[in-house]
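*Asks:* Attaching a single structure in structure tokens format; questions to follow.
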Amino acid sequence: MKIDVEGLEFSYNGVPTLKNMNLNVNKGEFLSIIGPNGSGKTTFLKCINRILNPEKGSIMINEFDLDKLHRNDIAKQVGYIPQAERGAFPTTVFDTVLMGRKPHINWVPTSRDLDIVVEVMEMLDLSHISMKNINELSGGQRQKVIIGRALAQQPEILLLDEPTSSLDLKHQLEVLDITRDQADNDVTVIMSVHDLNLAARYSDKIIMMKDGEIFHAGGPEILTPENIEPVYDVSVDVHRTGEQIWILPKKLNKATELKADNNGYRNNRLRAQRVPGTC
Amino acid sequence: MGQSSILDLYKKDIGKKLVFGVSILIFLIILMSFAVLVGPVNIPLPEILSVLTGQTKSGMAYHIIWNIRMPQILTAVIAGAGLAISGAVMQSVLRNPLGSPFTLGISHAAAFGAAFAIVILGTGTTHSSGDVVNINNPYITTISAFMFSMISTGVILALAKYKQASPETMILTGVAIGSVFTAGISAIQYFAEDTAIAAIIFWQFGDVGKTSWTEIGLITAVVVPLSLWFAYNSWNFNALNSGDDTAKSLGVDVDKLRIKGMVISSTVSALIVSFVGIIGFVGLVVPHIVRKLIGGNEMLLLPFSFFTGSLLLLISDTVARNIISPEVLPVGILTSFLGAPLFIYLVIKGREYW
Ligand SMILES: Nc1ncnc2c1ncn2[C@@H]1O[C@H](COP(=O)(O)OP(=O)(O)OP(=O)(O)O)[C@@H](O)[C@H]1O
Ligand SMILES: [Mg+2]
């Protein structure tokens with residue numbers, strides 16, 4: 001499904017958080033949102049899902065105004081993987097993935113619902129923990145279960161908020177391969193992510209956010225030192241090997257470094273330990 | 001693992017839980033029959049059978065069974081069920097293990113309403129002759145109790161709606177409201193006459209033995225359809241367990257569900273408390289017991305809490321009626337005695353979710 005965002009604005013209690021965002025994502029496209037902490041990535045994803053109601057601007061899904069759709073109809077089309085989630089009471093892995101069928105369930109889940117759940121759990125390799133309580137899983141396992149829930153929704157739009165943040169190297173690639181597969185099967189994907197290399201590797205489009213605004217938008221080629229430095233206050237090296245773009249952080253840039261120096265000896269020590277040989 | 005094996009595991013698991021539910025139901029029916037047989041007055045079995053089969057239509061045995069034991073058993077069953085399922089719903093819409101008619105101040109508000117009616121509206125004093133305590137206009141007392149419970153619910157909901165109070169704030173407010181009403185009861189008692197004080201205290205003891213057939217009919221007519229509404233919404237409650245954002249992303253209108261769930265569960269418990277008095281801990285403890293035994297899936301939790309509530313209150317009442325025979329202990333005293341240690345036990349054993 002196609003997503004068109006126009007003039008989107010959002011404030012938390014009067015504090016402007018998203019400012020005039022404009023964006024088009026086509027069916028089957030994989031869009032990554034990158035940007036520093038607090039730049040508004042999560043807020044933006046929540047608006048696309050109408051978890052939050054923007055005060056200005058419009059979001060159209062396949063030319064339908066999101067505002068006019070019923071919440072359950074949105075849920076049939078848009079799957080959402082939150083950045084963090086905590087259940088109030090324990091539930092099993094199976095029941096959590098089955099929850100993805102909620103928009104389609106009336107009274108009891110049908111055998112088709114159950115089949116979809118089984119399929120998703122096998123795809124994500126969750127079968128061996130299917131009856132475990134999700135509060136007893138590792139952070140990465142839990143994240144995969146939640147991804148499973150969104151896939152069980154069989155959405156046409158998939159919103160992922162840092163899905164790889166607690167996954168190990170292998171599972172990062174596994175989850176993103178699955179997500180890429182979804183995009184190749186015409187699911188529109190919007191993902192927020194901190195790892196620029198992963199963004200470069202998997203995305204068709206990238207937007208760079210800062211302070212609630214889109215700084216740059218385009219293909220992975222927008223990941224240049226000139227674009228990255230002002231957004232993150234970090235100077236970087238960008239290498240290309242064939243198709244792949246590699247971003248290597250070098251050091252904090254001048255302004256931040258001064259601030260860090262003012263914070264005194266400890267900060268300097270920390271910084272020196274983190275990036276040895278670059279100072 | 002193959003396709004079928006996860007599904008088999010799941011179905012086996014559901015099957016096991018259904019067996020549990022059916023056992024509860026069978027046990028409940030057995031206990032109901034047993035409760036007809038026992039009581040402070042000893043009636044021989046053949047006589048009971050002849051009353052139940054309609055051969056005996058008068059006499060003491062007939063009177064005891066149809067006008068005392070049966071109403072009492074049915075009240076225990078419906079009140080236990082209603083309190084337990086509303087507790088389960090409160091816990092789920094507030095996403096908090098402390099939700100219950102008791103912690104949200106509903107019981108205390110009802111008790112205050114009753115005290116208010118007895119003393120200020122004078123429904124309790126006029127007819128007391130000697131040491132017989134008499135609430136002479138039970139309906140006004142009940143209505144007043146109900147109104148005050150709904151006021152306490154209204155305050156909590158108004159906070160939620162207009163101040164965007166979080167579920168935690170709602171519970172804290174409930175606790176605060178509960179203590180305001182407790183203070184109010186003390187104040188009323190301080191100024192009241194002895195007979196009125198006796199009537200207030202008498203009202204507060206949760207007792208399933210003071211309801212008439214009409215009242216049982218009324219409670220049932222409210223509790224059963226509203227419980228069906230709860231059960232119908234079990235997937236919405238399930239989604240809410242994962243948090244407000246996730247529930248919204250799964251198509252649940254969270255704010256509306258929370259308000260509706262609170263209004264309806266409060267109505268159910270306020271109505272029960274208004275007729276039977278304060279029965280502590282059933283609404284709080286039963287959902288936790290069920291959750292420990294069969295897990296948190298609301299699709300099973302709600303109906304099983306309903307029947308387990310019946311069972312628990314009926315057991316307590318049967319014990320209370322017979323433990324110091326020929327004296328009859330009000331069941332509310334027993335549930336508080338049993339419920340508090342049980343709750344502490346669950347807190348210590350059930351660490352995984354609080
Ligand atoms: N519930 C809230 N109430 C008030 N302000 C909020 C709320 N949630 C986020 N904010 C603020 O809005 C801004 C954007 O937050 P958001 O969570 O969208 O950032 P983000 O880009 O997702 O950051 P991160 O990379 O840390 O996840 C931040 O300044 C944050 O402090
Ligand atoms: Mg975020």
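The values are calculated or read from the model by the stated rules, or taken from the named source; none is laboratory data. Everything quoted here is computed from the prediction, not taken from an experiment. Glycine also receives a Cβ, built like all others from the backbone with ideal geometry; neighbour counts cover every protein chain displayed. Keep in mind that these areas ignore ligands, DNA and RNA; they rest on the heavy atoms of the full protein, side chains included. Shrake-Rupley method; radii C 1.70, N 1.55, O 1.52, S 1.80 Å.
*Asks:* For peptide A:72-82, compute the average count of partner chain beta-carbon atoms within 10 Å of each residue's beta-carbon.
*Replies:* 3
*Asks:* Something else now. Give the calculated FRET efficiency between residue A:229 and residue B:214 to the nearest 0.05, with a Förster radius of 56 Å applied to their Cβ-Cβ distance.
*Replies:* On the way: r = 79 Å, r/R0 = 1.42.
Here the calculated transfer efficiency is 0.10.
*Asks:* Note down the magnitude of the dipole of the stretch B:3-353 about its Cα centre, charges +1 on Lys and Arg C-beta and -1 on Asp and Glu C-beta and zero elsewhere, to the nearest 20 debye.
*Replies:* The calculation lands at about 800 debye.
*Asks:* One-quarter of the Cα convex hull surface for the stretch B:251-354, in nm²?
*Replies:* Computing the convex hull of the Cα atoms and averaging its projections yields 7.9 nm².
*Asks:* Turning to a different aspect of this structure: Counting C-alpha atoms alone, how compact is the stretch A:147-256: give Rg to one decimal and Dmax as a whole number, in angstrom.
*Replies:* Here Rg and the maximum Cα pair distance are 14.9, 47 Å.
*Asks:* Given the Cα-Cα distance of residue A:69 and residue A:19 and 0.36 nm per residue of separation, how much length would full extension add, in nm?
*Replies:* That works out to 15.6 nm of additional length.
*Asks:* Running a GNM on chain A with Cα contacts under 10 Å, which residue among A:91, A:188, A:17 ends up with the highest mean-square fluctuation?
*Replies:* Taking springs between Cα atoms under 10 Å, the residue moving most is A:91.
*Asks:* Nearest 5 percent is fine: what portion of the DSSP beta bridges confined to the protein assembly as shown is antiparallel? Kindly include the intermediate steps, with their values, before the conclusion.
*Replies:* Details: 28 of 46 bridges.
Around 60 percent of the beta bridges assigned by DSSP in the protein assembly as shown are antiparallel ones.
*Asks:* Can I ask one more? Please compute the per residue accessible area over the stretch B:231-331 with all protein chains in place, 1.4 Å probe, rounded to a whole number of Å².
*Replies:* With the other protein chains kept in place, the stretch B:231-331 gives 26 Å² per residue.
*Asks:* Give the shape of the stretch A:114-209 as rounded, prolate or oblate, defined through the alpha-carbon gyration tensor: a ≥ b ≥ c are the square roots of its eigenvalues, a/c under 1.5 means rounded, and otherwise the shape is prolate if a/b is larger than b/c and oblate if not.
*Replies:* Oblate.
*Asks:* Averaged over its residues, how many other protein chain Cβ atoms are within 10 Å of peptide B:292-303's Cβ atoms?
*Replies:* Going residue by residue through B:292-303 and averaging, the value is 3.
*Asks:* Gap in Å between the Cα centre of the stretch B:1-59 and the Cα centre of the stretch B:280-354?
*Replies:* 17
*Asks:* Note the full-extension length gain between residue A:136 and residue A:217 as 0.36 nm times their separation in residues minus their Cα-Cα distance, in nm to one decimal.
*Replies:* This chain segment gains 25.1 nm when fully extended.
*Asks:* If you don't mind, another one. Taking a label point 7 Å from the Cα of residue A:186 along the Cα→Cβ vector, which residues of the stretch A:147-167 have an amide N closer than 20 Å to it?
*Replies:* Output list for this probe position: A:151-159.
*Asks:* Accessible area drop of at least 30 Å² (1.4 Å probe, protein heavy atoms): which residues of the stretch B:225-256 qualify, relative to the chain alone?
*Replies:* Flagged in the stretch B:225-256: B:232, B:235, B:241, B:242, B:245, B:246, B:248, B:249, B:250, B:251.
*Asks:* Report the local net charge at residue B:14: Lys and Arg +1, Asp and Glu -1, summed over other residues whose C-beta lies under 14 Å from its C-beta.
*Replies:* Spelling it out: positives minus negatives among the neighbours equals -1.
*Asks:* Which percent, nearest 5, of DSSP beta bridges in the stretch A:83-214 are antiparallel? Intermediate results must be reported in sequence, preceding the final value.
*Replies:* Values: 3 of 8 bridges.
Taking every DSSP beta bridge within the stretch A:83-214, about 40 percent pair in antiparallel fashion.
*Asks:* To the nearest µm²/s, what D does Stokes-Einstein give for chain A at 25 °C and 0.890 mPa s, using the Kirkwood radius over alpha carbon pairs as Rh?
*Replies:* Translational diffusion coefficient: 122 µm²/s.
*Asks:* Using the Cα centre of the protein assembly as shown as origin and beta-carbon charges of +1 (Lys, Arg) and -1 (Asp, Glu), tell me which of A:23, A:91, A:166 is placed farthest towards the positive end of the dipole.
*Replies:* Comparing the listed Cα positions along the dipole, A:91 ranks first.
*Asks:* Using the C-alpha gyration tensor of the protein assembly as shown, what are the square roots of 5 times its eigenvalues, in whole angstrom, with the largest one first? Working shown, then result.
*Replies:* Numbers: eigenvalues 681, 152, 86 Å².
Result for the protein assembly as shown: semi-axes of 58, 28, 21 Å.
*Asks:* Using alpha carbon centroids, what distance separates the stretch B:93-118 and the stretch B:136-207, in Å?
*Replies:* 6
*Asks:* Also, quick follow-up: In the stretch B:1-44, what residues drop by 40 Å² or more in accessible surface going from the chain by itself to the full protein assembly, probe 1.4 Å?
*Replies:* Those residues are B:1, B:3, B:6, B:7, B:10.
*Asks:* Further question on the same structure: In a solvent-free Debye calculation with one equal scatterer on each Cα, what is log10 I(q)/I(0) for the stretch B:34-124 at q = 0.18, 0.24, 0.26 Å⁻¹, listed in the order of the q values?
*Replies:* For the stretch B:34-124 at q = 0.18, 0.24, 0.26 Å⁻¹, log10 I(q)/I(0) is -0.84, -1.07, -1.18.
*Asks:* Something else about it: With the dipole of the stretch B:3-353 worked out from charges on the C-beta (+1 for Lys and Arg, -1 for Asp and Glu) around the Cα centre, which of B:254, B:165, B:119 lies farthest toward the positive end?
*Replies:* B:254
*Asks:* Can you tell which of B:45, B:313, B:104 shows the greatest fluctuation in a Gaussian network model of chain B with Cα springs below 10 Å?
*Replies:* For chain B, modelled as a Gaussian network with Cα springs under 10 Å, the answer is B:45.
*Asks:* Extent of the stretch B:196-243 along each principal axis, from alpha carbon coordinates, in Å, largest to smallest?
*Replies:* If we take the Cα atoms of the stretch B:196-243, the spans are 48, 26, 13 Å.
*Asks:* How far apart, in nm, are the 7 Å Cα→Cβ label points at residue B:163 and residue A:177?
*Replies:* Spacing of the two 7 Å Cα→Cβ label points: 5.4 nm.
*Asks:* Is it possible to state the helix-based mean residue ellipticity at 222 nm for the protein assembly as shown, with each DSSP H run of 4+ residues giving -39500 (n - 2.57), the sum divided by total residues, to the nearest 500 deg cm²/dmol? What is it?
*Replies:* On the way: 25 runs with 358 residues, N = 633.
Counting only the DSSP helices, I get -18500 deg cm²/dmol.
*Asks:* Oh, and also: Quick one: with all protein chains in place, what share of the accessible area of the stretch B:188-285 is carbon or sulfur, to the nearest percent (1.4 Å probe)?
*Replies:* Ligands and nucleic acids excluded, carbon and sulfur give 64 percent.
*Asks:* If you take each beta carbon of peptide A:126-136 and count the beta carbons of other chains within 10 angstrom, what is the mean? Numbers along the way, then the final one.
*Replies:* Numbers: counts 2, 6, 2, 0, 7, 6, 0, 4, 1, 2, 1.
Per-residue shielding by partner chains comes out at 3.
*Asks:* In µm²/s, what is D for the stretch A:13-154 at 4 °C and 1.567 mPa s, where D = kT/(6 pi eta Rh) by Stokes-Einstein and Rh is the Kirkwood radius from Cα pairs? Write down the numbers at each step before the final one.
*Replies:* Values: Rh = 17.0 Å.
This corresponds to a translational diffusion coefficient of 76 µm²/s.
*Asks:* On to the next question. What does the C-alpha gyration tensor say about the overall shape of chain B? Classify as rounded when a/c is under 1.5, otherwise prolate if a/b is larger than b/c, or oblate. Write down the numbers at each step before the final one.
*Replies:* Details: a/c = 2.17, a/b = 1.22, b/c = 1.79.
In terms of gyration-tensor shape, oblate.
*Asks:* What percent antiparallel are the DSSP beta bridges of chain A, to the nearest 5?
*Replies:* Rounded to the nearest five, the antiparallel share is 60 percent.
*Asks:* Taking the Cα centre of the stretch B:183-292 as origin and charging only Cβ (+1 Lys, Arg; -1 Asp, Glu), how large is the dipole, in debye to the nearest 20?
*Replies:* 400
*Asks:* Could you size up the charge dipole of the protein assembly as shown around its Cα centre, putting +1 on the beta carbon of Lys and Arg and -1 on that of Asp and Glu, and report it in debye to the nearest 20?
*Replies:* Around 860 debye, computed over the protein assembly as shown.
*Asks:* Show me you know the interface measure: the accessible area buried between B and A, both chains summed, probe 1.4 Å, in Å² to the nearest 100.
*Replies:* Details: alone 16700 and 14500 Å², together 27770 Å².
Roughly 3400 Å² of accessible surface disappears when B and A pair.
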